[in-house]
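Reading through the structure tokens given below for one structure.
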Amino acid sequence: MKQLALAALLLTASAPALAATGPMRATYEVYFGGLHILSAESEFAPDSSSYAVTAKAQTRGILEVFFDWRGETRSAGRFDADRAVPGRHTNFGWRGDEQRSVILTYGPDGEVIETSIDPAPDPEEVTALPEDAEIGTIDPLTVIAQLSRTMSQTGTCDGEFAVYDGRRRYDLRVTDRGTETLPPTSYSIFSGEAKSCQVEYAMLGGQRKDPNKYSKTARDRVVYVARPVKDGPAIPVALKIETDFGTLMAHLTGVEAPKDLALRDGGTPRGSR
């Protein structure tokens, strides 16, 4: 369940370039099998030549009872033509008094030059990373920045990425499945046409040797992307992950946009249903 929650945190983050001034924030609520398990928030920075995105999450409901956790991850970098070049990536998680952290620092060419991981991975629990795991990779949120750039220019979310987050190395593939119409629901402020982007990945190292039943059976990972704000960027408006034990769903519950960006069709303000 923890891995699904982390996936939801990462996949509900985006890094668009806005024509407006000031940050854009989006909030999400995540459910598994109908049970509320996670709240998440993303903040997007508005610079066409660079990107910065912060995503925060905290367990809720029954999951919070057994796994009281909160996390915050952030990436910042620049665009070199159409390429997102990471500069710094941080990931912090807290469970009770325990803190886990990853800090990745990149050089001018986007290659990792410094890594700080605390605590170090336990070789009894996780598989070994491949040699030189970080070479030629980007961090998870830079993937989203790259996809946002691609979508704004081509209208598609297709892409393949070599990803390193400090603890894991994996190859990620995003496939454009066209558009779907999301029906109105009391869980979300968004309804209407959205781009359907299927997410698949192949773990190459750093994953748990004994994955739980939820992550082991996870499949059909789909992120739905649309523009809930008039003249604003395309952002994730929903997420769906199927497992043998239920469906994980993330819903967009609020948007806070710069004053010169209006909600689509005079829509619902942040925090409303």
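Worth a mention:
- Criterion: more than 26 Å from Leu38 (Cα to Cα) and at pLDDT 90 or above - qualifying residue of Ala194, Ala162: Ala162
- Tally, over the stretch 209-226, of residues that are more than 16 Å from the chain's Cα centre (by Cα) and either under 18 Å from Pro140 (Cα atoms) or buried (at least 17 other Cβ atoms within 10 Å of the Cβ) (or both): 3
- Of the residues in the stretch 139-159, not one is farther than 16 Å from Pro236 by Cβ and in a strand (DSSP E or B).
- When Gln153 is tested against (1) closer than 22 Å to Thr54 by Cβ; (2) in contact (Cβ under 8 Å) with a residue 40 or more places away in the chain; (3) not aliphatic (A, V, I, L, M), exactly one condition is not met: (1).
- Flag not set for Leu182, criterion: aliphatic (A, V, I, L, M), farther than 27 Å from Gly34 by Cα and either touching a Cys at 6+ places or on another chain (Cβ under 7 Å) or surrounded by 13 or more Cβ atoms within 10 Å (Cβ to Cβ) (or both).
- The strands (runs of 3 or more DSSP E) found wholly in the stretch 65-133 and carrying at least 2 residues that are buried (at least 16 other Cβ atoms within 10 Å of the Cβ) occupy 70-80, 83-95, 98-106.
- Residue under evaluation Ala57, criteria (1) within 22 Å of Val199 (Cβ to Cβ); (2) surrounded by fewer than 17 Cβ atoms within 10 Å (Cβ to Cβ); (3) not charged (D, E, K, R), criterion not met: (2)
- Whichever residue in the stretch 30-50 is in contact with a Phe, Trp or Tyr (Cβ under 7 Å, 6 or more places away or on another chain) and in a strand (DSSP E or B) and, among such residues, is most open to solvent (accessible area, probe 1.4 Å): Ser50
The values are calculated or read from the model by the stated rules, or taken from the named source; none is laboratory data. Predicted model only: the values in this text are computed from it and were never measured. Neighbour counts are summed over all protein chains in view; Cβ atoms, including those assigned to glycine, are modelled from backbone coordinates with ideal geometry. Calculation scope for accessible area: heavy atoms of the full protein, side chains included, ligands and nucleic acids excluded. Shrake-Rupley method; radii C 1.70, N 1.55, O 1.52, S 1.80 Å.
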